[in-house]
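The values are calculated or read from the model by the stated rules, or taken from the named source; none is laboratory data. All values derive from a computational prediction rather than experimental measurement. Please note: Cβ atoms are built from the backbone with ideal geometry, for glycine as well, and neighbour counts cover all protein chains shown.
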Amino acid sequence: MLKVSHLSRCYGTFKAVDNVSFAIGKGEIVGLLGHNGAGKTTIMKMLSGYLEPDAGSVCIDGLDMARHAKQIQRGLGYLPENLPLYGEMAVADYLDYAAALKGLAGDDKIAEIRRAIRATGLVPKLDSPINTLSRGFRQRVGVAQAILGRPRLLILDEPTNGLDPTQTRQMRELIREISREATVILSTHILQEVDALCDRALIVSAGRLAVDEKLDQLRAGNSLLLETSAAKAGEKLQAIDGVDSAGPLEEPGHYRLALKEGTDPRTAGAAVAAAIVGGGDDLYRLQPEQRDLESLFRQVSEAGATQKEELSHAA
Ligand SMILES: Nc1ncnc2c1ncn2[C@@H]1O[C@H](COP(=O)(O)OP(=O)(O)OP(=O)(O)O)[C@@H](O)[C@H]1O
């Protein structure tokens, strides 16, 4: 449905997005995660056709954004980070205007506005000028305009930004509801948001895509941590059935063993233990590696910070 290839974008000489590629299938909810300034909004702007990439391409349903922006944008809903809402306008008038901009007219337009208003719980606020609404309701107006016309792809930049816990819960329910009909990519720096809503996480760090992983795979984990007296066990362990790679960690005798897909960690663990003990070495620790979004995010951020530091020293 969405294919992003080698996307890059600079602001002046600063590279905000650097060679990012990923693909999203129909019906997925994907979270784009990253620290402040990681490049999420810049990526979202390019996905929506609002900003042109310096290099790379965005294809939606086989159409290239560079050549078919108008056509693609008709089937796309976008909630930008700071949606310019016209404060003096009543909610109903604003949505009527937004629907017309999307090319909706006549009965279709009325039906779509009604649907968006109901989906976002905006019925009691229809006649209220936008500048009298709370932040949560303004955000709902933003989502309502994004879902007008039943877009097949929804791009939501920080949809729960600034919402209180109740509003956040309601917004998540709304996104889940919308995802029954549409593919959703949402950006956030809130890990729980991705945990609660998404099938997959993309983590950007310093403009680069550092992680692209399904959350159930992430939760299942597929690696072992080993501590042994064997000084150079790497090669021997790599030869064990089910072990994909055996990398030494910083401390001597510590290894991280990545397992091949479909390998049962218990079976591989037993073979690893037998190889260590059978070779006359001591086995101090062997356990599945605990992986969660938070530790992965921390790892990626630390790596990104080191990389930034190295770049600034080199400059
Ligand atoms: N118009 C611009 N001109 C210059 N630099 C910009 C511009 N827009 C963004 N940047 C810079 O590009 C980098 C990426 O910004 P971007 O807004 O994409 O990050 P983000 O991950 O969305 O951050 P946040 O979570 O704070 O919204 C940042 O360092 C930012 O300062």
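Given the conditions (1) away from the ligand (no atom under 16 Å from the Cβ); (2) closer than 24 Å to E88 by Cα; (3) buried (at least 22 other Cβ atoms within 10 Å of the Cβ), report the number of the one that L154 does not fulfil. So the condition that L154 fails would be (2). Return yes when G136 is surrounded by 12 or more Cβ atoms within 10 Å (Cβ to Cβ), free of Cβ contacts under 8 Å to residues at least 60 places away in the same chain and not in a helix (DSSP H, G or I) and no when it is not. No: the conditions fail for G136. For the stretch 219-226, the criterion of a residue being without any contact (Cβ under 8 Å) to a residue 12 or more places away in the chain and either within 16 Å of the ligand (Cβ to nearest atom) or within 18 Å of D292 (Cα to Cα) (or both) is satisfied by at least one position. Scanning the stretch 89-108 for residues that are modelled with pLDDT of 90 or more and either in a loop (DSSP other than H, G, I, E, B) or crowded, with 19+ Cβ neighbours inside 10 Å (or both) gives M89, V91, Y94, L95, A98, A99, L104, A105. If you go through the stretch 189-198 one residue at a time, do you hit one that is away from the ligand (no atom under 16 Å from the Cβ), over 30 Å from A268 (Cβ atoms) and touching a residue at least 24 places away in the same chain (Cβ under 8 Å)? Within the stretch 189-198 (the criterion being away from the ligand (no atom under 16 Å from the Cβ), over 30 Å from A268 (Cβ atoms) and touching a residue at least 24 places away in the same chain (Cβ under 8 Å)), the answer is yes, since at least one residue qualifies.
The residues of the stretch 66-82 include none that are within 19 Å of the chain's Cα centre (by Cα) and in a helix (DSSP H, G or I).
Elements of the type strands (runs of 3 or more DSSP E) sitting completely within the stretch 5-65 and holding at least 2 residues that are within 13 Å of the ligand (Cβ to nearest atom) and buried (at least 23 other Cβ atoms within 10 Å of the Cβ): these cover 14-24, 29-33. Residue check: is E251 within 29 Å of R200 (Cα to Cα) and not in a strand (DSSP E or B)? Taking the combined requirement at face value, the residue does not satisfy it.
Here Q290 meets the list (1) part of a helix (DSSP H, G or I); (2) touching a residue at least 24 places away in the same chain (Cβ under 8 Å) almost entirely, failing just condition (1). Among the candidates I175, I130, I190, the residue that is surrounded by fewer than 21 Cβ atoms within 10 Å (Cβ to Cβ), hydrophobic (A, V, I, L, M, F, W, C), under 30 Å from R219 (Cα atoms) and in the same structural domain as L76 (by TED's automatic domain parsing) is uniquely I190. Here the condition is being modelled with pLDDT of 85 or more, within 35 Å of the chain's Cα centre (by Cα) and in a helix (DSSP H, G or I); of T263, T267, it holds for T267 alone.
I need the full set of residues from the stretch 181-201 which are closer than 30 Å to G106 by Cβ and under 18 Å from the mean Cα position of the chain (by Cα), in order please. If the condition is that a residue be closer than 30 Å to G106 by Cβ and under 18 Å from the mean Cα position of the chain (by Cα), then A182, T183, V184 are the ones that fit. Pairing each residue of the stretch 28-47 that is more than 17 Å from S5 (Cα to Cα) and outside the structural domain of C10 (by TED's automatic domain parsing) with any residue that is near the ligand (Cβ under 7 Å from one of its atoms) and part of a loop (DSSP other than H, G, I, E, B), provided the two are 6+ apart or on different chains, yields no C-beta distance under 6 Å.
Restricting attention to the stretch 204-223 and to residues that are within 24 Å of R180 (Cα to Cα) and assigned to a strand (DSSP E or B), the residue that is modelled with the highest pLDDT turns out to be D212. Of L154, L163, L148, all but one fail to be of a type in the set (A, V, I, L, M) and farther than 16 Å from I178 by Cα; the exception is L163. Scanning the stretch 242-278 for residues that are on the phi < 0 side of the Ramachandran plot and either surrounded by fewer than 12 Cβ atoms within 10 Å (Cβ to Cβ) or not small (G, A, S) (or both) yields a total of 23.
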